[in-house]
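Here the structure comes first, spelled out in structure tokens, and everything after it is commentary.
The values are calculated or read from the model by the stated rules, or taken from the named source; none is laboratory data. For clarity, every value in this text was computed on a predicted model and none was experimentally measured. Cβ placement follows ideal geometry from the backbone for every residue including glycine, while neighbour counts extend to all protein chains displayed. For accessibility, only protein heavy atoms count, side chains too; no ligands or nucleic acids. Shrake-Rupley method; radii C 1.70, N 1.55, O 1.52, S 1.80 Å.
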Amino acid sequence: MSARVLVAGVGNIFLADDSFGPEVIRALERRPLPPGARVRDFGIRGLDLAYALLDGYDLAVLVDAAERGHPPGTLSLIEAEVPDGTRAAAPPEAHGMDPATVLALAAHLGDGPLPRVLVLACEPRDRPDPDRDIAPGLSTPVREAVGRAADALHRLLPVLLADPGATASLSRPEESAHPSPAGLTSPAAGGAQDR
């Protein structure tokens, strides 16, 4: 029996390269993933994502922009540290998406283990300007990474659907060779950034 995998695009479409996740999901609409993979754009709806993680998936792949210190447009595959639910979780902001908070909330709300969580992250070039409310549009290197991310998901998903615990890797030399264990709690930990 094939595993159930959630591929979740996260990010704010109005905040520059933060819209990477939703753009990859749009690209996958034209190139659907194999059966067993549910593809959904969560945008900045952290509470919706927390509840989706409780829906019996074997694996979740979050597609997101995350600063990891690489050149803009670099893709990385990150193994998220899933919390055990014993600590209290603050609800996600109504108009924000902090993956660490979402995972903590899902662990707190659920009565069983969360699925394995991988993050397919893209190094942003343009981060939102705090003095501007809206800055739509991807930078050139991040826009070029959208197709590579869709290709990577097409390579990874058949393996992960067959075995959600399989070691997955990206193929390009400037991308991570193996998922690197990383919490999603702080930039220093190498995880996804606050939204």
| query | Quick one: which of 45-52, 5-12 comes out on top by average Cβ neighbours within 10 Å, and what's the full order, highest first? | reply | 5-12, 45-52
| message | Below 15 angstrom from the Cβ of ALA3, what's the summed charge of the other residues (Lys, Arg +1; Asp, Glu -1)? | response | 0
| query | Which order do GLU123, GLU79, GLU67, GLU29 take by accessible area at a 1.4 Å probe, largest first? | reply | GLU29, GLU67, GLU79, GLU123
| Rank ILE44, ILE13 by accessible area, highest first, at a 1.4 Å probe radius? | ILE13, ILE44
